[in-house]
Amino acid sequence: MVYKKGDEILKCFPFSYSFREEHQHKVCDFCFSTGQAIISRCSRCCVIYYCGKQCQRSSWKEAHKHECKYLKMLDIKEPPMDLLLIIRTLCKLRYDGGYSKKVSLPNGRSRRFGDLMSHKENVLMDPQLYTTFYRYIGIIRNKLGGALETNESEVLDIFTKMSINSAFILNGKFLNFGSCLSLEFSAIDHSCRPNAVYMFIGRTLVVKALCDIANFDDVRVTYTDITQPRSMRRQFLKDQYFFDCNCEECTEDPLNLEKLKSHSPCCPECQNLVDGNKCMSCNKEVDLSQYYQIKKILMKKKEVDAKSRSLLKEVFKYFHPFDYVAFYYCNALLSYKDLLTLNELQILNERILLALRKYVYDYDILMLPFLMYLMNILMKKNELKSLPSLLLETKTIMDVIYPKNHSLYDELNYVRLIL
C-alpha cells in the first residue's frame, strides 16, 4: 500500500500503558484527558484517577476490574511507571487472552506479544536495568505473593520487552506523561531521518506519513532525539535498544550538520557563522577564546539550572543557534520561564526554531511547541508583523500531522482573530 504525505498509516489502542508518577493524579486513566479536573478516583485501589464516572465505569469493564485488587495490594500511592506497566501487562496476558491475541498489521502480517524482541542478555548486562528489574520483582513477590500467579522468568520477559518496545505517551500539548506497549507500533523500525511521526489523539496511537512512502515495511519513526549530534544519537540507541544505527542520517551528511552542531561560533557583531576565525558575512576576524571558554563551562554542567541564566548574554553573543551545546542550553533554560523576560523568551524560541529548521525535516512535530509559544509571546508584546508567516508554518505542519478537529486548531483560530 502506498502512503501519501499526511496519510494515516496506523491507528490503534495500546496493549498496556501507565503514567509517570507525577501525572497519575492529573490524567484520566481511560480517555487520557489532561485539560479538565480529575474528579474520580478508584475507591478500592486509590491509585487510578478519572475525569468522570463514565470513564471510570468504562475502565472497570475493560481492564481495571482485573488489576484493581493487585494495585490495592501494592499499597503504593504513586507506583513507579514501569512497575505499573509490568502489572498491567501481566493482567492483560492473564485475563484478556494476551498471549494468543493477534493484531493485524497494514502489510497483511499479524503480531502477538511473543513476537516482541526482548534482548534479555543485553538488558541483564546493563547495571541500571538489572538493579531496577530485581527491585520490581522483589516488590511483586513481597506485596502480591501468590495472588498474581507469575514467576521471575515471565516478569523478566515482560520487563525486557518493555525496555525495548515501549513508546512515550505524548498529548496534544506535547507533554510526555507516560509509557505504553503497542504490538502494532513496535513493528515500525527506527531512522534518525524519519518519514513518519506518531502521536496520541486521546487514548489512540496514530502514525502519520510525513512524505510519500511506498509500503508499510518502509515506514520509519525515530526512537531518539534527532536534534542530537550523530555520536550521541548512536550511543543512546546502542545503550537503550542494543543496535548500531546505520540509517541515512548516520551514514550521510550532505548538509554538514555534524560539523555545524559540534562547532558553530558566531560573529559578535553581526551574529553570522564564523568559518575558521573569519565571519562568513562581514569578513571580520573573530577572537574565539570566549566561545571556547563558555562552551567548556556549559559542557561541564551535567544539567542546566536556574543559575545558568547568567550565561545567557554570552551564549547569544558568541554561539550560533546551530551549535548543539547552545541549542541544548536554550532549550533547557525554557524550563525556567518565570526567571526570564519576554524578550529573552522570544530570542530563545527564535534561536531554537532556527536550529530546528536546519536539524529536522519538514512537518516535524518538534517544531510545533516552539512555534505556538513564540506566537503567544509576540501577541503579548503586540508585535504582530511576523505572526502571519509563523501561523502559516504552524498550520502547514498541523495539516499533515493532526486531524482538522484537533484542539490546537482552536489556538490557531485565536491567532487569526488577533490579526
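Just so it is clear, none of the values below were taken in a lab; they were calculated from the coordinates. Bear in mind the structure is a predicted one, so any value in this text is a computation, not a measurement. No Cβ is skipped: glycine too gets one built from the backbone with ideal geometry, and neighbour counts run over all protein chains shown.
At a glance:
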| item | result |
| --- | --- |
| Cα-Cα P(r), region 215-324, percent of pairs per 10 Å interval | 13, 35, 30, 18, 5, 0 |
| Under the Karplus curve 6.51 cos²θ - 1.76 cosθ + 1.60, θ = phi - 60°, whole-Hz ³J(HN,Hα) for region 327-340, x wherever Gly or Pro sits | 4, 4, 4, 5, 5, 5, 5, 5, 5, 10, 4, 5, 8, 10 |
| Mean projection area, nm², convex hull over Cα of region 258-418 | 10.4 |
| Tail fraction, Cα-Cα pairs, region 370-419, threshold 16 Å, whole percent | 31 |
| Extension reserve of the Ile297-Ala147 stretch, reckoned as 0.36 nm per residue once the Cα distance is removed | 48.6 nm |
| Placed amide H near Ser16: partners under 5 Å, 5+ positions off or other chain | Leu181 |
| Computed lengthening from Glu269 to Tyr95, 0.36 nm per intervening residue step minus Cα-Cα distance | 55.9 nm |
| Average Cα contact separation per residue, region 7-66, under 8 Å, 6 or more apart, as relative contact order % | 27 |
| Efficiency of FRET between Val2 and Leu170 - r from beta-carbon atoms, R0 25 angstrom, step 0.05 | 0.40 |
| Whole-Å semi-axes of the chain's equivalent ellipsoid (Cα gyration tensor) | 40, 25, 23 |
| Mean separation of Cα contacts under 8 Å, 6 or more apart, over the residue count of region 8-221: relative contact order % | 28 |
| Those lysines that a straight Cα-Cα span of less than 16 Å connects to Lys61, excepting residues fewer than 8 apart in one chain | Lys53, Lys69, Lys92 |
| Value at 222 nm in deg cm²/dmol, rounded to 500, when DSSP H runs of n ≥ 4 in the chain each add -39,500 (n - 2.57) | -12500 deg cm²/dmol |
| Region 307-364: translational diffusion in µm²/s, Stokes-Einstein, Kirkwood Rh over Cα pairs, 10 °C, 1.306 mPa s | 136 |
| Simple label model, 7 Å out from Cα along Cβ direction - Glu21 to Ser335, nm | 1.6 |
| Gyration tensor (alpha-carbon) shape descriptor, region 8-221, a/c threshold 1.5 | oblate |
| Only Lys, Arg (+1) and Asp, Glu (-1) charged, at Cβ; region 52-194 dipole about Cα centre in debye | 620 |
| Angle between the chain longest axis and helix 387-401 axis [Cα atoms, degrees, rounded to 10] | 30 |
| The chain - percent relative contact order, Cα under 8 Å, separation 6 or more | 15 |
| Trypsin sites (Lys or Arg not before Pro) within region 1-45: DSSP coil, no more than 10 neighbouring Cβ in 10 Å | Lys4 |
| Most mobile listed residue (His64, His406, His263) in the chain, GNM with C-alpha springs under 10 Å | His406 |
| Trypsin sites (Lys or Arg not before Pro) within region 345-419: DSSP coil, no more than 15 neighbouring Cβ in 10 Å | Lys381, Lys385, Lys404 |
| Pairs from Lys11/Lys161; Lys101/Lys143; Lys238/Lys317 whose Cα-Cα separation, in the structure shown, is over 25 Å | Lys101/Lys143; Lys238/Lys317 |
| Projected area averaged over orientations for region 1-87, convex hull of C-alpha atoms, nm² | 7.4 |
| Amide H contacts of Asp7 (H built 1.01 Å from N, under 5 Å, at least 5 apart or other chain) | Ala209 |
| Chymotrypsin sites (Phe, Trp or Tyr not before Pro) lying in DSSP loop within region 188-244, provided at most 13 other Cβ fall within 10 Å | none |
| Dipole of region 8-221, positive direction: furthest Cα of Ser153, Leu90, Ser166, with charges on the beta-carbon | Leu90 |
